[in-house]
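Have a look at the structure below before the remarks.
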Amino acid sequence: MSEEKKVLLAPNENEKKKPGCFKGCLTFIIIFIIFGALISACFGDETPTEDVNSTNEPADTSAKSSVNKQESKEKDTTDSSKPSADEVGYYKNELGPELDAIQKEYDRIWNEQWITTFNGISDGSVNVYDAYKTMTFIETNYTALSKNIKKIESNNLSKENNKLLEEYTSKLKKASDYRSFAASEAAKMFDNGDFKPSEFESIKNIVSMSDNEMLSAIVNRVSIESNLGLIETTE
């Protein structure tokens, strides 16, 4: 047996004096799985509406000239607000795939490690020692992901889209940090054998905060893609 295994086993030797304690906790873990681990998030896009200003037909030539100049200025403003082909191409070919990869890793860690572990605890295929070890892996993985998110930057987007990107990365980083913290708290729970309902509730709340940050981040990303004309909106 490796030294690491001995360390993990040591804190739980005293628990042998409490037969059935762990089995009695499975009900709480199943409840936690239902409400904390198996989370599906659904969100929709809101289509912004714009006010259209109409002008009355001018009664004389000078008025028409003034209106034509105003329309020309409005046209120039509209044209300048359109994303450039370079900006769209940059997002589609470079930034977009980078964001996709980070979001994919964010979900992979959760699905393959967190959910699998708690499902295993509930059906008895995973013991508390392995669960503890996996929680420490999850904490490490999300911490590393958070550092990678912080490195995301772009000078090739418009001022508006760059601000949206900053908000997106800030919220995505918080979501990753919350999941790292949830894993840390779960590791303590397995290590200490503290399976009280209040402990589950605390971890559930942390997971919920992570989900909220992630959904807010997705809204920012959708706004960027809408500005770039990559998402069709309906009236």
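The values are calculated or read from the model by the stated rules, or taken from the named source; none is laboratory data. Keep in mind that what you see is a predicted model, and the values were worked out from it rather than measured. Neighbour counts are summed over all protein chains in view; Cβ atoms, including those assigned to glycine, are modelled from backbone coordinates with ideal geometry. When the accessible area is computed, the model is the full protein with side chains, heavy atoms only, and any ligands, DNA or RNA have been set aside. Shrake-Rupley method; radii C 1.70, N 1.55, O 1.52, S 1.80 Å.
Looking across segment 184-235, the residues that are among the polar types (S, T, N, Q) and over 27 Å from Thr136 (Cβ atoms) come down to Ser216, Asn220, Ser223, Ser226, Asn227, Thr233, Thr234. Output yes when any residue across segment 179-189 is surrounded by 20 or more Cβ atoms within 10 Å (Cβ to Cβ), among the aliphatic types (A, V, I, L, M) and in contact with an Asp or Glu (Cβ under 8 Å, 6 or more places away or on another chain), and no when none is. Within segment 179-189 (the criterion being surrounded by 20 or more Cβ atoms within 10 Å (Cβ to Cβ), among the aliphatic types (A, V, I, L, M) and in contact with an Asp or Glu (Cβ under 8 Å, 6 or more places away or on another chain)), the answer is yes, since at least one residue qualifies. Kindly check whether there is at least one residue in segment 136-148 that is part of a helix (DSSP H, G or I), modelled with pLDDT under 95 and open to solvent by less than 20 Å² (accessible area, probe 1.4 Å). Checking segment 136-148: not a single residue is part of a helix (DSSP H, G or I), modelled with pLDDT under 95 and open to solvent by less than 20 Å² (accessible area, probe 1.4 Å). Residues in segment 82-141 that are within 26 Å of Thr169 (Cα to Cα) and in contact with a Leu (Cβ under 9 Å, 6 or more places away or on another chain): how many? Selection size over segment 82-141: 15. Across segment 191-210, the qualifying residues are those that are open to solvent by less than 40 Å² (accessible area, probe 1.4 Å) and hydrophobic (A, V, I, L, M, F, W, C), and the one among them that is farthest from Ser180 (Cα to Cα) is Phe195. On the given criteria, is Glu112 open to solvent by 30 Å² or more (accessible area, probe 1.4 Å), within 30 Å of Glu160 (Cβ to Cβ), acidic (Asp, Glu) and out of contact with any His (no Cβ under 7 Å at 6 or more places or on another chain)? Here the answer is no, as Glu112 does not meet what is asked. Within segment 184-198, residues that are free of Cβ contacts under 8 Å to residues at least 40 places away in the same chain reach partners that are surrounded by 17 or more Cβ atoms within 10 Å (Cβ to Cβ) with beta carbons closer than 7 Å, at six or more positions or on different chains, in the pairs Glu185/Ile203; Glu185/Ile206; Met189/Phe195; Met189/Glu199. Cβ separations smaller than 9 Å between residues 6+ apart or across chains give the following pairs from segment 111-129 residues that are closer than 15 Å to Ala186 by Cβ to residues that are open to solvent by 30 Å² or more (accessible area, probe 1.4 Å) and charged (D, E, K, R): Thr117/Asp130; Gly120/Asp130; Val128/Glu15; Val128/Asp191; Tyr129/Lys5.
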